[in-house]
Amino acid sequence: MATELSEGEEEGKVTGGNQVLIVEDDLREMGKKAAWSVSSCKPGNGVSALRDENLETYWQSDGAQPHLVNIQFQKKVKLQLVVLYVDFKLDESYTPSKISIRAGDGFHNLKEIKTVELLKPSGWVYLSLSGNDPRETFVNTFMLQIAVLSNHLNGRDTHVRQIKVYGPRPNPIPHQPFHFTSREFITYSFVR
């Protein structure tokens, strides 16, 4: 299931990529709260390379497709956005061309929520987890799995340089109708 894309782009296909990571202020990075694992990796190019904030390092798979990145949380979390850094210019046949995102309570009941084709991406690629229904703005899950189904130029192994997962930032004041972001506004948000 792919979300609607901007006019002129085909549904389920993503081109290009941003060189600078830009994320809305109402989202927070949730990857720090998760246990990360991969289906396979070359020595020195493991799961730590996905999370080291360095675009020069990468996870390199080692084995048959699909190549999997598993992101498991201790409690159910709301996830809204997955952002990958991939670079066709540097990685060529190692660059993913088709990705599936699955969610569930664990390995036993993962359901595919989105499949996306990447067309020679170079930079940060944004994959929204929201559904076709406007009320479905996030996925509530214990586990997220990113599966690389195929690579460009029929490559066997894959390179992914960074992965970030974002969820909605909780409102710091419960039952507050307005979402104040600065500490000063929050201080004066109540009438005495």
Looking only at region 99-122, and only at residues there that are of a type outside the set (A, V, I, L, M, F, W, C) and touching a Leu at 6+ places or on another chain (Cβ under 9 Å), the one that is farthest from residue 160 (Cα to Cα):
104
May I ask you to verify whether residue 35 is part of a strand (DSSP E or B), buried (at least 17 other Cβ atoms within 10 Å of the Cβ) and either out of contact with any Pro (no Cβ under 9 Å at 6 or more places or on another chain) or at pLDDT below 95 (or both)?
no
Residues of region 33-56 satisfying the condition of being on the phi > 0 side of the Ramachandran plot and under 16 Å from the mean Cα position of the chain (by Cα)
53
When every residue in region 18-32 that is farther than 20 Å from residue 144 by Cβ and among the hydrophobic types (A, V, I, L, M, F, W, C) is compared, the one nearest to the chain's Cα centre (by Cα) is 22
Restricting attention to region 103-134, which residues are closer than 19 Å to residue 72 by Cα, open to solvent by 30 Å² or more (accessible area, probe 1.4 Å) and part of a strand (DSSP E or B)?
111, 112, 113, 128
Please work out which residue is surrounded by the most Cβ atoms within 10 Å (Cβ to Cβ), limiting yourself to region 40-57 and to residues that are within 25 Å of residue 80 (Cβ to Cβ) and in contact with a strand residue (DSSP E or B) (Cβ under 7 Å, 6 or more places away or on another chain).
50
Residues of region 80-97 that turn out to be touching a residue at least 60 places away in the same chain (Cβ under 8 Å), open to solvent by 10 Å² or more (accessible area, probe 1.4 Å) and part of a strand (DSSP E or B), as a count
3
For region 1-25: of the residues being within 25 Å of residue 142 (Cβ to Cβ) and surrounded by fewer than 14 Cβ atoms within 10 Å (Cβ to Cβ), which is modelled with the lowest pLDDT?
1
Just one listed residue, out of 70, 54, is of a type in the set (S, T, N, Q) and part of a strand (DSSP E or B), and it is 70
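The values are calculated or read from the model by the stated rules, or taken from the named source; none is laboratory data. Everything numeric here is computed off the predicted structure, so don't read it as measured data. As a convention, Cβ positions derive from the backbone with ideal geometry for all residues, glycine included, and neighbour counts pool all protein chains shown. Calculation scope for accessible area: heavy atoms of the full protein, side chains included, ligands and nucleic acids excluded. Shrake-Rupley method; radii C 1.70, N 1.55, O 1.52, S 1.80 Å.
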